[in-house]
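Computed from the coordinates by the stated procedures, all read-outs in this text should not be read as laboratory data. Since the structure is predicted, the reported quantities are computational estimates derived from the model, not experimental observations. Here Cβ is always computed from backbone atoms with ideal geometry, including for glycine, and neighbour counts include all displayed protein chains.
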Amino acid sequence: MEKYNNIKKLIINKPLKLDCGVTISDYPLAYETYGNLNRSKDNAIMVFHALTGDQFASGKNPVTNKDGWWSYVIGPNKALDTNKYFVICANVIGGCMGSYGPNSIDQNSGNKIGINFPVITINDMVNAQFNLLNHFGISKLFCVTGGSMGGMQVLQFVANFPDKSKIAIPIACSASHSAQNIAFNELGRQAIMADENWKNGNYELENLSPAKGLSVARMAAHITYLSKKGLQEKFGRKLQERDKIKFGFDADFQIESYLRYQGSIFVDRFDANSYLYITRAMDYFDLSKNYNGDLSKVFKNTKTKFFIISFTSDWLYPTVENREIVIALNAINADVGFLEIKSDKGHDSFLLDVPDFINSLKNFVDNSYKKQL
Amino acid sequence: MKEEFKIIANSIQKNKSILDVGCGDGELMKFIYENISNKIRGLEISKDNVQICIQKGLTVIEGNAEMDLQQFPSNSFDYVILSQTLQAFLNPEKVINDLLRIGKTSIVTIPNFGYWKVRFNLLFKGTMPVTKTLPNEWYNTPNLHMCSIKDFVNFCNKRKIHLFKSLALTNNKVSSINKFNLNFKNLTSELGIFLLEK
C-alpha cells in the first residue's frame, strides 16, 4: 500500500448522510490538482471522473505509471488550460484510489471494509466532493465538467448547488440510467460475484482476488465503450499472430486478444468491490425521480450556463439521452448550448484525441472565462 | 455584414431576448450580441456551423427547427429570427406557428420567388431560376417550399397573423411594402423582411 502514501487526501470531518441512510464522517477524500488557483479564486474547474477513473486526470498517474485519463484535455495550453485554470479532480467515494471506499481499512476490525461499505449514490459522491470548495476557500467554481459518470456528477452538482458553478459541461451522459446500461452493469457485477475468489465480497480477508470475474466485467464493459464501426475498422476479422484459425478456444482473433489484455491490465489497478459499488451508484442515478419525472424542475433555479456534448457513435449514452437534458433546460429557458460530435470511437470518444470535441470544449471554456472577466 | 442582417438588427430593441433559428455561422448573432443584446441564443442544423458559433462565444444548440422548436416554451423570447430558411422546411406552416408561439415578435425573411428575374428565368429561359438569392440548381436546392412576397402576405392575412412591418430589399435598397404597392414590390424585390405577431 506504499504506493498510496503520497496521494493528497482531505479528511472530511463534516458528517455526510448518505442516501442509504448511513452517516459517514472523518472519511478521506483523495484528490489531485493541476494549475494554480488565482488570487480572486475564480478560475477553478472541478472535473469528475467516470466509472473506472480516478483523481489523476492529467500528467502521470503515480500508482499506475500511465498517463492521466484526461491527458488530452487537461494540461498547459490544452482545452482545460492549466496555465489559466486551477483543475481539481477527486477520487469518488466508493473508489479505490485513496478515497473512502470498500478497500479502506475499518478502524475497528483493522480489516478492509469490503462488502460492509454502505451503498452510495452519485448524489453522495457529489456531496462529498463539494467539501473541496471549502478546503480551497472557493465560493464559486468557474466550471464543472466530466464525461459518462463524470457527466452525471456534473448534472447532480448543478441540481444540488444551482449557483456554485458559472458553467457546466456534462459530456456523453444521461440524466437517468437506462435499462440497457443497468443491464450491462449487472452483467459485470454477476461476472465478479460468480468468481469463486470473490468470497461474498470478503476476498481480502483470505488474500484472494476475483481477478477473472473483474476481468470479464471489464471486457464486457469495454465493448460498450466502442462502436461497431470502430471495432470493425480496427480489428475486423484479423488474426492474432497466426496465419489461420486454430480450431480451438485460444485467442485466434485480434479482438479477443485485445479484450483479454484490457481485462488483465484492469485488475491490477481496480478493486472488484469498488466496481460493484460504483456501477450500483450509476444504476440508481435518476435525477428527475424526486420531481415526478420532470427534469426541468431539477434545474429550476440554476444560474449556470450549460454546454452539452454527445458523440454520434456513442450507443451507451446516445445523443437522444443527452438531448433530453437540453430539452429540459430549454423548457426553463436556461442558457444551454449543445453539440453532437462526429466520431467513430463510441462512448470512449470523450477520453480520446477527437479534435472537434477538444476544440469545442476549449472554445466554450475560454470564451466563457473571457466573458467572466 | 449583409443589408438584410442590418435591417433585422435595427428592428430589435436593446437588451431583449432573441432566438436565432437557423443561425448559420453566427454572423448576425455575434453582431446582435455585441451591439444590441447579449441575451441571444441560436439553433443550427449544421455541426460545422455550430462549431464556428462556439468559437465566437455564442450559445447555440445543434438541432433541426422542425423537430426541436417544440421544446422551447411559449413566449420565452422577445424576438425569434428566421432568416431565409422558411422555404427549406417540410412544413413551413408548422414552423411559423412555433415561431409565433415562442417569440413575442417573429422576424421572417424570404427570398422572393415573385422577383422579375426569377419569373424571367422560367418564362423565357424555361429553366428553374438561379439568382443571387436562389443560387442552387433544381437538383441540389434545399428549398422545398418557395413562395413570393405576395404569397407570404396572403398566408399571414388568411391566418390573421399580424404583419406589423413589411420591408422589401433589392440591391441593398430598402422600401416598405403596403397593400397598395404589393404587386409592384412582389415583382421588383429580391427579398422580403417581415415582422409578425400573433
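General observations
- For residues of A:335-341, the mean tally of beta carbons on other chains within 10 Å: 6
- Among beta bridges that DSSP assigns inside segment B:3-197, antiparallel share in %, nearest 5: 50 percent
- Contact order for segment A:203-323, expressed relative to its length and based on alpha carbon pairs under 8 Å spaced 6+ residues apart, stands at 27 percent.
- Burial ranking of peptide ranges A:193-203, A:243-253 (average Cβ count within 10 Å, highest at the top): A:193-203, A:243-253
- One Cα centroid belongs to segment B:102-147, the other to segment A:1-43; the line between them spans 62 Å.
- Mean sequence separation of contacting Cα pairs (under 8 Å, at least six apart), scaled by the length of chain B, corresponds to a relative contact order of 18 percent.
- Residue-span extension gain [A:Val320 to A:Lys289] - 0.36 nm each, minus C-alpha spacing: 9.3 nm
- Averaged over peptide B:69-81, the number of partner chain Cβ atoms lying within 10 Å of each residue's Cβ comes to 2.
- Theoretical ellipticity at 222 nm over chain B - DSSP helices of four or more residues, -39500 (n - 2.57) apiece, nearest 500: -8500 deg cm²/dmol
- B:Lys125-B:Lys160 FRET efficiency (beta carbon distance; Förster radius 30 Å; 0.05 resolution): 0.20
- Calculated FRET efficiency for the pair A:Ser40/B:Lys2, C-beta based, R₀ 30 Å, to 0.05: 0.15
- Out-of-range pairs (alpha-carbon distance over 32 Å; input A:Lys78/A:Lys228; A:Lys9/A:Lys342; B:Lys14/B:Lys117; A:Lys41/B:Lys2): A:Lys9/A:Lys342; B:Lys14/B:Lys117; A:Lys41/B:Lys2
- Residues B:Thr85, A:Thr33, arranged from fewest to most other Cβ atoms within 10 angstrom of their Cβ, appear as A:Thr33, B:Thr85.
- For B:Asn97, neighbours were defined as the other residues whose beta-carbon sits under 11 Å from its Cβ, and their charges (Lys and Arg +1, Asp and Glu -1) total +2.
- Chain A shape via C-alpha gyration tensor axes, a/c threshold 1.5: oblate
- In segment A:41-99, the ratio of gyration radius to Kirkwood radius, Rg to Rh, stands at 0.97 when only Cα atoms are counted.
- Mean Cβ count within 10 Å, highest first, over the residues of peptides A:262-269, A:117-124: A:117-124, A:262-269
- Taken as Cα centroids, segment A:273-326 and segment A:107-128 sit 23 Å apart, rounded to the nearest whole angstrom.
- Dividing the summed -39500 (n - 2.57) terms of all DSSP H runs of n ≥ 4 by the residue count of chain A sets its mean residue ellipticity at 222 nm at -11000 deg cm²/dmol.
- Cα centre as origin, Lys/Arg/Asp/Glu Cβ charges: segment A:198-254 dipole, Debye: 340 debye
- Fewest neighbouring Cβ atoms within 10 Å first, the residues B:Tyr33, B:Tyr115 line up as B:Tyr33, B:Tyr115.
- Relative contact order of chain A, defined on C-alpha pairs under 8 angstrom at six or more residues apart (%): 17 percent
- Rounded to 0.05, the FRET efficiency of the A:Ala179 and A:Asp26 pair, given R0 = 45 Å and the Cβ-Cβ distance, is 0.75.
- Distance in nm between pseudo-label sites at A:Asn65 and A:Gln107 (7 Å out along the Cβ direction from Cα): 3.6 nm
- Of all DSSP-defined beta bridges confined to the protein assembly as shown, some 40% are antiparallel rather than parallel.
- Paramagnetic reach from B:Gln70 (point 7 Å along Cα→Cβ, amide N under 17 Å) across segment A:293-320: A:320
- Packing, taken as the mean count of other beta carbons within 10 Å per residue, orders the peptides A:74-85, B:178-189 from highest to lowest as A:74-85, B:178-189.
- Low-density loop positions, trypsin sites (Lys or Arg not before Pro), segment B:60-119 - DSSP coil, at most 11 other Cβ in 10 Å: none
- Neighbour net charge for B:Phe113 - beta-carbon separation under 15 angstrom, K R +1, D E -1: +3
- Neighbouring partner chain Cβ atoms per residue of A:347-358, average, 10 Å criterion: 0
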